[in-house]
Amino acid sequence: MSAPTHAGDIAGNLELVPAVHHAPAKAVMIDPVTKKVVDDLFDRLKGIFTGWRATWPTEAEENQSKREWVAEFMRGGIRSMEQIQAGIRTAAKQRKEYVPQVGVFIGWCFAPEVFGLPPLERAYAQAMRNIHPSQAGFARWSHPAIYHAAVASGFYTLSRLERSLGMKRFAEKYEDQCRRLARGEVLPPAPVAALPAPAGPRTPEVGNAALAEIRNRLGGRRG
């Protein structure tokens, strides 16, 4: 049997861990620093979700849930307090009674704003604008994550889905890009739109010459 994992060994100021995929189950012993962070998190969740007793009816069950949440944070790649704060902010907007599953909360921790990205609504609007055929060769992407989320969603598919379904599909792919950024990946750059050709010199002489040319053409037609 493997030794217990001390949360403090991988938390250090809640820079939690590299994501652990398909790791065997371990007992997680929560050290004092991590315990305070988790206690504060649960207190915030209790203040947001008034039906929390349905999830944690006893202190023993609450403590067991805290250990499970820390373990899931380790597996889910939660690495910073900023991510947890993002999860709390999203939780406060839910207007629901009951505490979410830990997996749902982890998803909230990957909010685009944590990584300096536009919120979902703005990112989706940018994607929909840029995938329009009229923008071919002119689309400008404010961040590669938006472009790659749109590509993964499928330009053709996004352009034909009704807004609610398109937004849902794009949101999943956008979160995937946020998770890549959380793992420290560098996203390939988005295509750069061609810059418009520089305008010719704008002087009174140029303008007068253009007007004279127009007059000549009009005069020729009259003749």
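Going by a ≥ b ≥ c, the root eigenvalues of the Cα gyration tensor, does region 59-115 fall in the rounded group (a/c under 1.5), the prolate group (a/b larger than b/c) or the oblate group? Note, shape of region 59-115 comes out oblate.
Applying 1/(1 + (r/R0)^6) with R0 = 30 Å to the Cβ-Cβ distance of V33 and E172 gives a FRET efficiency near 0.35.
Sparse packing (at most 13 other Cβ atoms within 10 Å of the Cβ) combined with a DSSP loop state is found for the following trypsin sites (Lys or Arg not before Pro) in region 64-108: K93, R95, K96. Cross-link check: pairs K46/K96; K35/K96; K46/K173 evaluated at a Cα-Cα cut-off of 20 Å; pairs beyond the cut-off: K35/K96; K46/K173. Taking a ≥ b ≥ c as the square roots of the eigenvalues of the alpha-carbon gyration tensor, region 78-167 is classed prolate because a/c is 1.5 or more and a/b outweighs b/c.
Taking the average, over residues, of other Cβ atoms within 10 Å as the packing measure, peptides 147-160, 50-63 rank 147-160, 50-63 from highest down. For region 118-127, backbone phi angles converted through the Karplus equation (6.51, -1.76, 1.60; θ = phi - 60°) give residue-by-residue couplings of x, x, 3, 4, 5, 5, 5, 4, 5, 4 Hz, Gly and Pro being listed as x.
The phi-based Karplus calculation (6.51 cos²θ - 1.76 cosθ + 1.60; θ = phi - 60°) puts the 3J(HN,Hα) values of region 144-159 at x, 4, 5, 4, 5, 5, 5, 4, 5, 6, x, 4, 4, 5, 4, 5 Hz, whole numbers, x for Gly and Pro.
Peptides 173-179, 113-119 ranked from most to least packed, by the mean per-residue count of other Cβ atoms within 10 Å: 173-179, 113-119.
Bear in mind these aren't lab numbers, they're just calculated from the coordinates by the rules spelled out. This is a predicted model, so every value here is computed, not measured. Every residue, glycine among them, receives a Cβ derived from its backbone with ideal geometry; neighbour counts consider all protein chains shown.
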